[in-house]
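The values are calculated or read from the model by the stated rules, or taken from the named source; none is laboratory data. None of these values were measured; they are calculated from a predicted model. Ideal geometry is used to build each Cβ from the backbone, glycine not excepted, and the neighbour counts take in all protein chains shown.
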Amino acid sequence: MTDTSRLTELDDFSIELPSWAFGNAGTRFKVFGSPGVPRDPFEKISDAAEVNRLTGLAPRVSLHIPWDRVEDWQGLVAHAKNEGVRIGAINSNLFQDDDYRLGSLCHPDEKVRAKAIRHHGECIEVMRATGSTDLKLWLPDGTNYPGQDSIRARQDRLADSLAQIYGLLDEDQRLLLEYKLFEPAFYHMDIPDWGTSFVHCVELGERATVVLDTGHHAPGTNIEFIVAMLLRARRLGAFDFNSRFYADDDLMVGAADPFQLFRILHEIVQQDGHRPSSGINFMLDQCHNIEPKVEGQLRSVLNVEEALAKALIVDQEALREAQRSGDVLAANGILMDAYRTDVRGALADRREQRGLPRDPVAAYRDSGYFERVSAERVGGTQASWGA
Ligand code: PSV
Ligand code: MN
């Protein structure tokens with residue numbers, strides 16, 4: 001008999017949605033337009049709020065600067081509040097300015113580095129205006145050719161730039177530092193892995209923590225091991241959830257490998273990382289290139305909820321006993337039992353008890369939301385990756 005008592009721990013769990021998931025996206029080959037796509041950050045927030053209304057799981061929206069710059073920040077905060085959500089992490093952008101051809105925070109020219117640091121000053125101002133506490137920094141810097149620049153000198157410039165940005169933060173604000181194995185640079189990235197991010201965070205101070213984007217590793221990397229290590233060191237600040245087959249595909253989390261998502265969340269539960277007190281921001285970082293975006297986000301949120309529910313029903317006592325006694329196959333079997341358990345009914349019951357639709361995807365399809373915004377949102381320029 002499965003013990004579902006720990007599912008109440010989902011009550012305090014939340015997932016943050018990225019504003020850019022609601023805009024058009026694509027590849028370097030084509031960005032497809034879709035009906036009903038938001039034209040501005042206000043409409044992006046309304047779409048995110050729809051996901052939250054149906055799931056009760058997604059009360060925050062990450063913004064990206066400059067894509068989500070508005071004249072009236074207080075108006076945006078009030079709109080979010082009115083929609084039942086609030087502003088989450090503020091993401092900086094170091095990859096779309098011509099000056100950044102040779103990098104940003106690591107650029108050989110001090111003037112370009114100063115510009116990139118100033119951009120974070122603006123992001124911190126946005127944080128103050130919106131009540132956000134998380135500055136999220138993904139560094140696209142690196143080189144394409146051996147010898148192009150000094151790897152060591154770039155690290156020194158990076159440490160200096162990061163220290164200046166960290167110094168701009170208020171006491172209640174923190175820096176989330178993301179790593180990525182490759183792309184847009186192809187010979188080396190300046191923050192390619194969790195070790196590099198970790199080293200910089202430790203140098204910076206306690207309010208600097210690592211962001212783990214599930215799409216930013218070499219194939220075959222044991223991501224749950226990294227999760228366990230960062231949790232142990234108390235430096236796991238956030239996730240960027242998505243799924244991948246080949247590279248940084250940014251597909252719906254849990255689509256390619258739901259078992260990997262479960263394994264990651266099992267390590268999270270082992271160290272109480274799912275509880276709000278851990279401070280981990282569970283964010284999505286996804287793009288919906290060909291599928292409808294609100295439903296893509298909806299399904300993603302539900303995938304994370306389902307994987308976490310399975311991790312919560314693992315028979316911890318039996319698992320520890322099997323591990324202590326060296327019963328390798330029993331231990332593995334206990335984990336697999338939880339993974340194979342169908343928790344969808346239990347989660348639907350929980351939703352019903354909390355006044356939410358049992359099946360949020362069906363409720364969304366029946367709601368007419370997509371048809372309504374498709375009819376309303378005509379004219380203007382649809383939001384898109386890069387705008
Ligand atoms: C680029 O790989 C990326 O997906 C990073 O993961 C950032 O988090 C995101 O774009 C938005 O800047
Ligand atoms: Mn990311």
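Remark: pairs (first residue in segment 247-273, within 18 Å of Leu335 (Cα to Cα); second residue assigned to a helix (DSSP H, G or I) and among the polar types (S, T, N, Q); Cβ separation under 8 Å; 6+ apart in sequence or on different chains) = Gly254/Ser300; Gly254/Asn303; Pro258/Asn303; Leu261/Asn303; Gln271/Ser278; Asp272/Ser278. Restricting attention to segment 246-262 and to residues that are surrounded by 20 or more Cβ atoms within 10 Å (Cβ to Cβ) and within 22 Å of Thr341 (Cα to Cα), the residue that is farthest from ligand 2 (Cβ to nearest atom) turns out to be Phe262. Here Gly205, Gly195, Gly215 are screened, and the one residue that is more than 12 Å from Ala159 (Cβ to Cβ), within 15 Å of ligand 1 (Cβ to nearest atom) and among the small types (Gly, Ala, Ser) is Gly215.
Does Gly205 count as at pLDDT 95 or above, more than 13 Å from the chain's Cα centre (by Cα) and on the phi > 0 side of the Ramachandran plot? Yes, satisfied.
Within segment 333-387, the only residue that satisfies the criterion of being within 30 Å of Gln96 (Cβ to Cβ), of a type in the set (Gly, Ala, Ser) and crowded, with 18+ Cβ neighbours inside 10 Å is Ala383. Within the set of pairs 6+ apart or on separate chains, which have a first residue in segment 167-193 that is in contact (Cβ under 8 Å) with a residue 24 or more places away in the chain and within 11 Å of Asn144 (Cβ to Cβ), a second that is away from ligand 2 (no atom under 16 Å from the Cβ) and assigned to a strand (DSSP E or B), and C-beta atoms under 6 Å apart? Here the result reads Ala185/Thr143; Tyr187/Thr143; His188/Thr143, each pair linking segment 167-193 to a residue that is away from ligand 2 (no atom under 16 Å from the Cβ) and assigned to a strand (DSSP E or B). Against the test of being more than 30 Å from Glu371 (Cα to Cα), within 16 Å of ligand 2 (Cβ to nearest atom) and not hydroxyl-bearing (Ser, Thr, Tyr), the options Leu63, Leu137, Leu105 yield a single qualifying residue, Leu137.
Before we move on, is His266 farther than 26 Å from Glu50 by Cα, buried (at least 20 other Cβ atoms within 10 Å of the Cβ) and within 16 Å of ligand 2 (Cβ to nearest atom)? So His266 does not fit the description; no. Hey, among the residues in segment 15-33 that are crowded, with 17+ Cβ neighbours inside 10 Å and of a type in the set (S, T, N, Q), which one's nearest to ligand 1 (Cβ to nearest atom)? Selected residue: Ser19. Filtering segment 268-279 to residues that are in a helix (DSSP H, G or I) and under 12 Å from Leu308 (Cβ atoms) leaves Ile268, Val269. Return the pairs, sorted by first residue and then second, in which the second residue is assigned to a loop (DSSP other than H, G, I, E, B) and within 16 Å of ligand 2 (Cβ to nearest atom), the first residue lies in segment 201-229 and is in contact (Cβ under 8 Å) with a residue 24 or more places away in the chain and polar (S, T, N, Q), the beta carbons are less than 9 Å apart, and the residues are 6+ apart or on different chains. Close Cβ pairs satisfying both conditions: Thr209/Ile280; Thr214/Asn242; Thr214/Arg244; Thr214/Val253; Thr214/Asp285.
For the residues Ala255, Ala307, Ala311, the requirement of being over 18 Å from the mean Cα position of the chain (by Cα) and either away from ligand 1 (no atom under 16 Å from the Cβ) or closer than 23 Å to Asn52 by Cβ (or both) singles out Ala311.
Taken over segment 280-291, the criterion of being acidic (Asp, Glu) and either in a helix (DSSP H, G or I) or surrounded by 22 or more Cβ atoms within 10 Å (Cβ to Cβ) (or both) is satisfied by Asp285 alone. Here Ile191, Ile165 are screened, and the one residue that is within 16 Å of ligand 2 (Cβ to nearest atom), within 20 Å of Lys115 (Cα to Cα), crowded, with 19+ Cβ neighbours inside 10 Å and modelled with pLDDT of 95 or more is Ile191. For segment 98-140, the set of residues classified as within 27 Å of Trp194 (Cβ to Cβ) and in contact with a Pro (Cβ under 9 Å, 6 or more places away or on another chain) consists of Tyr100, Leu102, Gly103, Ser104, His119, Pro140, listed by residue number.
For segment 274-290, a residue qualifies if it is within 16 Å of ligand 1 (Cβ to nearest atom), touching a residue at least 60 places away in the same chain (Cβ under 8 Å) and hydrophobic (A, V, I, L, M, F, W, C), and the qualifying residues are Phe282, Met283, Leu284, Cys287.
Within segment 334-387, track down each residue that is of a type in the set (Lys, Arg) and not in a loop (DSSP other than H, G, I, E, B). Within segment 334-387, Arg340, Arg344, Arg350, Arg351, Arg365, Arg372 qualify. Among the numbered conditions (1) closer than 22 Å to Arg365 by Cα; (2) modelled with pLDDT under 95, the only one that Ala256 does not meet is (1).
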